[in-house]
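The values are calculated or read from the model by the stated rules, or taken from the named source; none is laboratory data. Since the model is a prediction, treat every value here as computed from it, not as a measurement. Note: ideal-geometry Cβ built from the backbone for every residue, glycine included; neighbour counts use all protein chains shown. Just so you know, the surface numbers come from the protein's heavy atoms only, side chains and all, with ligands and any DNA or RNA stripped out. Shrake-Rupley method; radii C 1.70, N 1.55, O 1.52, S 1.80 Å.
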Amino acid sequence: MCGIFGCITKEGNVAPLIHTSLKRLEYRGYDSVGIATIHEGKIHVKKDQGKIDDVHKIWNLDDLPGSIGIGHTRWATHGAPLKINAHPHMDCTEQVAVIHNGIIENFSELKLELENNGHNFVSKTDTEVIAHLIEENLKKKPEIGLVNAVLEAVKRLSGSYAIAVISTSEPDKIICARNESPLVLGISENAIYCASDMPAFLPLTNKAVWINDGELVIISAKGYEIRRIDDFSVVTRKPEVIDWTPEMAIKQGYPHFMIKEIHEQPTTLRNTLRLQEHYLDLIATFLDRAREVFLVACGTSYHACLAASYMFSKLAFLATYPVYASEFIEQHGKSVNIDSTILAVSQSGETADTLAAVTCAQQRAATILGLTNVIGSTLTRVSRVYISQQSGPEIGVAATKTFTSQLSVLAQLALRLAKKRGKISQDEMDYISEKLEKLPDIVKEIIKTQEEKVKQLAKKYRDAKIFFFLGRGISTATAYEGRLKLMEIAYVPSLAFPAGESKHGPISLIEPGFPVIFICAKDDTHKTLIGNIMEMKARGASIIAIIEKDDEAIKALADDYIEVPKGIPEVLSPIPFVIPLQLLAYYLAVEKGLNPDMPRNLAKSVTVK
Ligand code: M6R
């Protein structure tokens, strides 16, 4: 998730305005920054790695000439956070500059084709192909003009993008286009802006025009023109007046980042389906060859590892050991060796306990693999191979969208491994892959249909002093995650167990009205779980069940239930089933008047042991 911004102004130089607007987009990512302007037939660029203020101190971003320009603040997805990968990216002739937010899925094929046509690439990004495609179109048929050159280029892209392009060939225009990445125009008396998000221009104007998927925009000093990418037909859309405060705009109208990020999951899950195959394959190969595999992480990332151990076992018949990173050295520090493989999972890539475990394993010659959300983090530097989960920055302290993305990546890895090891049928693999593709829509549906119900549940159980979370099989991981969310955000003491364990002790806590949340995936554990529900019910517990739609057997036992769509394969079930639990934690915190974005005593990234 990067921030893009472009502007044509009638008053003076545009660079200082782009600089301050990018500052307001820094919450979308900040590992490198760049600005390009056009002046006297030439594109002028300043860019570097680092935060905007640090780059500005070295390069003075305001000191670029011209009244038209584009700027970018980056959250690395392809290519390390280095100067060379910072946007804007240019073509070979330095006549086209492009900024981009999103992921171009087919960039490797396009790059190869363009290289074969003599284009010279300087970065490792997916974005650079766009500049060269436009150059190629202009070179082949100069008469088509910039707008058509951009139009033909975007028609060849698959994946997500919001782009803004400037070119010396038509120095009075910015051309933008959008597919699955946000893009909005700002309209004021003296300037027109395009940006990833409204906060970029909100102090300058409250008149906004939202651009939809499949649209291209031509911006000039005279105004803006929207066209459909498929047939170039004109779209008429007037500006709307927005009455959000800058604070509200950053949260896109949501009251907190946590709920915004919960709602972002259909998008983030779609992004995890755009991973680079090559890295998935490499990691699967390492896992396949390892004598023993440890899945090492903390907190929510540990719960993803726990779920992954079921995925690897059920799909690839590979035993893996999920270990709390903070315990790894004590538990396995002496035995880990050259034949061990560590898959470290960390959203931030900076968690001290995880890195300490990795260092210990590395010193004993183990292979280190990483899964993280932050390219350039320490974990990416110490891993032999890593995968970036592509969730974009997560601001709420509670991990939500990053958890479901981790699960999706791990499921994809398990499927790769299953294929390599030939353990399950092609039909089964195809079925799970198809469902994985549908998860973004399934999650959207859950939020749409169940959010209000969860809100009411939060009201009903507002004063509960304790909760139990129970599940069997892979749903144990979901139960643990539901408990962690509730404890950290709503400060409600909670317990989670594999449901089969409850009768070995915890059940003695149950008295009438005690709320017990059951995660009831429709898998092989379903029948036994019904028995566990009955045990609790017989002792007067209030049963809250997360069920598949129309699961009548459990509906009949539950005091309250939340439904997720039917037919979700067992190994994917934590993704949809955790959504109601994230919402419950959020709404219980709100009910109690707590700020879910800033739970006491916690930090987003825990860099002490
Ligand atoms: O950045 P990491 O994934 O390594 O962070 C691990 C935990 O600190 C993190 O998941 C923490 O438990 C969150 N607050 C959970 O919501």
For Y321 and D430 in one chain, what is 0.36 nm times their gap in residues minus the Cα-Cα distance, to one decimal in nm? 36.6 nm
In what order, largest first, do R472, R28 sit by accessible area if the probe radius is 1.4 Å? R472, R28
Taking only the alpha carbons of the chain, the radius of gyration and the largest Cα-Cα distance, Dmax, both in angstrom, are 25.4, 82
Evaluated at q = 0.15 Å⁻¹: base-10 log I(q)/I(0), Debye formula over Cα of the range 64-216: -0.76
Give the carbon-plus-sulfur fraction of the accessible surface of the chain in %, rounded to a whole number; probe 1.4 Å, heavy atoms of protein chains only. 50
For the range 254-424, the charge dipole (Cβ of Lys, Arg +1; Cβ of Asp, Glu -1; about the Cα centre) points to a positive end, and the Cα of L369, L410, A316 closest to that extreme belongs to A316
Rounded to one decimal in nm, the spacing of the 7 Å Cα→Cβ label points at T245 and N337 is 6.2
Using only Cα atoms, tell me the angle between helix 426-460 and the longest principal axis of the chain; keep it within 0 to 90° and round to the nearest 10. 80
In the range 314-426, if the dipole is taken from +1 on Lys/Arg beta carbons and -1 on Asp/Glu beta carbons about the Cα centre, which of S391, T359, I329 is farthest to the positive end? S391
For the range 145-162, take each phi angle, set θ = phi - 60°, evaluate the Karplus expression 6.51 cos²θ - 1.76 cosθ + 1.60, and give the result in whole Hz per residue in order, putting x for glycine and proline. x, 5, 4, 5, 5, 5, 4, 5, 5, 5, 5, 8, 8, 10, x, 10, 7, 10
The longest stretch of the chain containing none of the GluC sites (Glu not before Pro) that sit in a DSSP loop with at most 11 other Cβ atoms within 10 Å is 190-609
Rounded Å value of the spacing that divides the Cα centres of the range 62-138 and the range 382-451: 29
Grab the Cα-Cα distance for K465 and K444, subtract it from 0.36 nm times how many residues apart they are, and report the gain in nm with one decimal. 4.5 nm
Accessible surface, per residue, of the chain when the full set of protein chains is kept, probe 1.4 Å, Å²: 39
In the structure shown, do any of K465/K555; K251/K314; K251/K444; K207/K455 have a Cα-Cα gap over 29 Å, and if so which? K251/K314; K207/K455
Quick check: residue separation of M534 and K124 times 0.36 nm, minus the Cα distance between them. What number comes out in nm? 141.9 nm
Label-point gap, in nm, between E330 and Q363 - each point 7 angstrom along Cα→Cβ: 1.8
Efficiency of FRET from Cβ geometry, K503 and W210, R₀ 35 Å, rounded to 0.05: 0.05
For the range 468-480, 3J(HN,Hα) per residue [Karplus equation, 6.51 cos²θ - 1.76 cosθ + 1.60, θ = phi - 60°, Hz, x = Gly/Pro]: 9, 10, 10, x, 10, x, 4, 5, 4, 4, 5, 4, 4
Taking r as the C-beta separation of K83 and D53 and R0 as 22 Å, the FRET efficiency to the nearest 0.05 is 0.85
What's the percent breakdown of Cα-Cα distances in the range 448-604 across 10 Å bins, shortest bin first? 12, 44, 35, 9, 0
